[in-house]
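Step one of this worksheet: look at the structure below.
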Amino acid sequence: MALERTLSIIKPDAVAKNVIGEIYSRFEKAGLKVVASKMKHLSKDEAEGFYAVHRERPFFAALVDFMSSGPVMIQALEGEGAVLKHRDLMGATNPKDAAPGTIRADFADSIDANAVHGSDSLENAAIEIAYFFPATDVYSR
Ligand code: IDP
């Protein structure tokens, strides 16, 4: 497996539930290192730009409203096979389908308020990390 980086966001619902530390702990136990991190209240423009690939989807406006409804915690994670490892920790998009023990099974309320975001490919991970972090703010270790 190759050393990879992926972009993770703890969404407004999970930040409001005060489970940032619990989620970080799951990353660390799985061998993922936090190599960049910041809390941010996204503007609608920033949320729209981040989710631009979903612009034509029926849920786009609701997604943008939700993602800009409160502060989020944004981090780049690094580790062996980080993209897939992180997606496995997250669980399925709809928490009803998420496997027991995954972040979404434990903390998500609905498909809209589903606790976390994670890059779905290595290519998108590079784009998404660069969207939030200049290269000088990512600390490989
Ligand atoms: P992912 O977050 O598991 O990668 P995507 O398909 O990339 O899922 O969708 C991005 C986000 O858009 C999801 O996390 C979810 O919050 C929202 N979303 C996706 N599909 C639906 C839907 O059918 N209804 C409402 N919201 C959705």
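Values for this structure:
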read-out: All positions within segment 75-88 that are within 14 Å of the ligand (Cβ to nearest atom) and open to solvent by less than 40 Å² (accessible area, probe 1.4 Å); value: VAL83, HIS86
read-out: Counted residues, segment 45-56 - those being within 12 Å of the ligand (Cβ to nearest atom) and surrounded by 14 or more Cβ atoms within 10 Å (Cβ to Cβ); value: 3
read-out: Residue within segment 13-21 that is part of a helix (DSSP H, G or I), open to solvent by 80 Å² or more (accessible area, probe 1.4 Å) and either of a type in the set (Lys, Arg) or over 18 Å from ASN124 (Cβ atoms) (or both) present; value: yes
read-out: Residue within segment 57-67 that is more than 12 Å from the ligand (Cβ to nearest atom) and surrounded by fewer than 20 Cβ atoms within 10 Å (Cβ to Cβ) present; value: no
read-out: Positions within segment 88-118 being over 21 Å from LYS29 (Cα atoms) and among the acidic types (Asp, Glu), in sequence order; value: ASP97, ASP109, ASP112
read-out: Among the candidates LEU42, LEU32, residue that is within 16 Å of the ligand (Cβ to nearest atom), open to solvent by less than 40 Å² (accessible area, probe 1.4 Å) and either of a type in the set (Lys, Arg) or on the phi < 0 side of the Ramachandran plot (or both); value: LEU42
read-out: Residues (of a type outside the set (A, V, I, L, M, F, W, C), near the ligand (Cβ under 9 Å from one of its atoms) and in a loop (DSSP other than H, G, I, E, B)) located in segment 94-124; value: ASN94, SER110, ASP112, ASN114, SER119, ASP120
read-out: Residue within segment 46-56 that is out of contact with any Asp or Glu (no Cβ under 9 Å at 6 or more places or on another chain), aliphatic (A, V, I, L, M) and touching a residue at least 12 places away in the same chain (Cβ under 8 Å) present; value: no
read-out: Residue pairs meeting the criteria (Cβ under 7 Å; at least 6 apart or on separate chains; first open to solvent by less than 100 Å² (accessible area, probe 1.4 Å), in segment 116-141; second part of a loop (DSSP other than H, G, I, E, B)); value: VAL116/LYS11; HIS117/LYS11; ALA125/SER119; GLU128/SER119; ILE129/VAL138
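The values are calculated or read from the model by the stated rules, or taken from the named source; none is laboratory data. Here the structure is a predicted model, which is why all the values come from computation and not from measurement. Because the Cβ atoms are built from the backbone with ideal geometry, glycine has one as well, and the counts that use them run over all protein chains shown. These area figures cover heavy atoms from the full protein model, side chains too; ligands, DNA and RNA do not enter into them. Shrake-Rupley method; radii C 1.70, N 1.55, O 1.52, S 1.80 Å.
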